[in-house]
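Notes for the one structure printed next.
Just so it is clear, none of the values below were taken in a lab; they were calculated from the coordinates. Because the structure is predicted, anything quoted here is derived from the model rather than measured. Positions of Cβ are generated from backbone atoms using ideal geometry, with glycine treated the same way; all protein chains shown enter the neighbour counts.
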Amino acid sequence: MNYSNLTWRHFENPGCSGVLAGAGVRRGAAGSRAQGTWVQFDVRMRSLNERPTIETVRFLAYACPHVIAVADWLAQEAAGRPAEPVLPESVHALRRRFLVPIEKLGRLLVVEDAWIAALTSPYQEGSA
Amino acid sequence: MTGARKAVYLDYAATTPVDPRVALRMAECLTQEGAFGNPGSTSHDYGEAARALVEEARGQVAAAVGAVPADIVWTSGATEANNLALFGVANHQRGSGRHIVTSRTEHKAVLDPCRELERRGWRVTYLTPGRAGLIDAAQVAEALKPDTVLVSIMHVNNEIGVVQDIAAIAAVCAAHGAARLHVDAAQSIGKCPLDFARLGLDLLSLSAHKSYGPKGVGALVVSRARGVQLEALQLGGGQERNLRSGTVATHQVVGMGTAFELAAAEWSVENPRIALLRERLWRGLDRLRGVQRNGEAQHTAAQLLNVSFEGVEGESLLAAVRSSIAVSTGSACSSSSQEASYVLRALGRDERLAESSLRFSLGRFTTEAEVDTAIEAVVRAVTRLREVAGSHTGS
């Protein structure tokens, strides 16, 4: 399979992979390893007032290079944005940005589900 | 390919480079000074010269597999040879029987013709190998019916390298009496000796490009001594005992003959060297936790190592190593998705593990340094992908 340069860059150097812990962290995941695609986001909020913003995002992904690259890009792009359960751009726009084959659209929806799950989840145990 | 550096080639089971000695002989058949004539044109010296080379090559191929030269029928490769064997026997025997026995782990060049024959009214029994990939001769015996006309079992599996006990299966077929035995030996030459006549085989498919010969040429060995009869699939000229019409490509068959002669001559030195390299590779990969070797070492050909890596997704694994090593997943890839290897699935591997498997196939030009590069690349990639996947953190 051929991948775009953007996909290669994020797949080979996923700077935002990992997990977060501590105060103000929300975690959400979607998909399953058994089905071949699983994504988890940890999102740390900048403040806990009525309009929190995203400070840091980390992700884990058992997935193809496209999904890993999109998750990494999202994690980078989200910093500083309002902590709302919506992607910075639509799944279709992400598909075009990363030149993801249409057959893999379902995998990008797993990324979206994980993102929404993280932003709507309660804070992790032990968090503020 | 990303990066300027060439990846280490460990996909010899897919194809091999042409040996320079083979290329030299082939080139001699192409130009005006060489044997460029049509080997069917025996009315002049040009044709006679080409014909002599074709017959020399026929002898070389026959000698490499323990057959007689007259048994060799040139084809465009093992796929055509398999098709000719399956359709040729089935069509010729349609009046006496319509049952075929094969295994679930055959190459698609056998499985797809079998499925087509099923559509045309034949019955096909697909044997399931044990977890090691081996077909027991007793399974074949049990599957044989009074109207079985053909048993088709490969010698060396192209994905995991397991070597079937062809002698035992041949004995079962001989006891049956009516069932012809076809063996796909595309991966065998220079790796696992096979004696066509001594084993009492009826049909044998061969490929040149898996053994340092050119692509686009192969052969079907058809036993005259055993009275095997086929219906031709290709008409128009009557070449190759009327079994495969079309001008014989002198340079291609000369390449195949030379490659097979070299394989037979160098096998005893080359194979142990490759076996040592393969074990070096396995020991290096086995340092990673969560790896499984597919196919037992004692039952696999020396050049093949198939390994499943737990906790990594298959497409990502292949992408992560591809700038460093050229390997295959052993799965059928399309532009948008990966299909888990049907061979590994038939051996009982779950779909995810089957997808995250790599087939390393070593060859004549593989070096110790290349194996070490491969180990380093795979260990690095698997470790990184497991970290990204949080594979030991659960999901």
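By its C-alpha gyration tensor, with a ≥ b ≥ c as the square roots of the eigenvalues, how is chain A shaped: rounded for a/c under 1.5, else prolate for a/b larger than b/c, else oblate?
Here chain A falls in the prolate category.
In deg cm²/dmol, rounded to 500, what helix-only [θ] at 222 nm does chain A give when every DSSP H run of at least 4 residues adds -39500 (n - 2.57) and the total is split over its residues?
Helix-only estimate at 222 nm: -11000 deg cm²/dmol.
Counting partner chain Cβ atoms within 10 Å of every residue's Cβ in B:382-389, what's the average?
Per residue, the number of nearby Cβ atoms from other chains is 5 on average.
Would you mind checking the radius of gyration and Dmax of the protein assembly as shown based on alpha-carbon positions, in Å?
In order Rg, Dmax, the Cα atoms of the protein assembly as shown give 27.5, 97 Å.
For the stretch B:151-228 and the stretch A:35-107, what is the centre-to-centre distance using only Cα atoms, to the nearest Å?
That distance is 53 Å.
Work through the residues other than A:Asp42 whose Cβ is under 9 Å from its Cβ and net out their charges, Lys, Arg +1 and Asp, Glu -1.
+4
Mind checking B:317-323 for the average number of partner chain beta-carbons within 10 Å of each residue's beta-carbon?
Going residue by residue through B:317-323 and averaging, the value is 3.
Could you give the angle, 0 to 90 degrees to the nearest 10, between helix B:250-285's Cα long axis and the longest principal axis of the Cα atoms of chain B?
So the helix axis and the longest Cα principal axis differ by about 20 degrees.
Rank by packing, highest mean first: peptides B:251-258, B:321-328, with packing defined as the count of other Cβ atoms within 10 Å averaged across residues.
Peptide ranking by packing, descending: B:251-258, B:321-328.
At a 10 Å Cβ-Cβ cut-off, how would you order B:Ser103, B:Ser245, B:Ser268, B:Ser361, fewest neighbours first?
B:Ser268, B:Ser245, B:Ser103, B:Ser361
Cα gyration tensor of chain B, axes a ≥ b ≥ c as square roots of the eigenvalues: rounded (a/c below 1.5), prolate (a/b > b/c) or oblate?
It comes out oblate by the Cα gyration axes.
How would you order A:54-63, B:134-143 from highest to lowest mean count of nearby Cβ atoms within 10 Å?
A:54-63, B:134-143
Can you pull the mean other chain C-beta count within 10 Å for peptide A:4-13?
2
Starting from 0.36 nm per residue, how many nanometres of slack lie between B:Leu235 and B:Ala265 once their C-alpha separation is accounted for?
7.2 nm
I need the P(r) histogram for the stretch A:46-102: all alpha carbon pairs, bin width 5 Å from 0 out to the longest distance, whole percents.
Taking every Cα pair in the stretch A:46-102, the percentages come to 4, 17, 26, 22, 16, 9, 4, 1, 0.
Excluding B:Leu304 itself, calculate the net charge of residues whose Cβ lies under 10 Å from the Cβ of B:Leu304, where each Lys or Arg counts +1 and each Asp or Glu counts -1.
In short, +2.
Dividing the convex hull volume of the alpha carbon atoms of the stretch B:41-124 by its residue count, what do you get in Å³ per residue?
136 Å³
Dipole magnitude of chain B about its Cα centre, charges +1 at Lys/Arg Cβ and -1 at Asp/Glu Cβ only, in debye to the nearest 20?
Using only the charged Cβ atoms, the result is roughly 540 debye.
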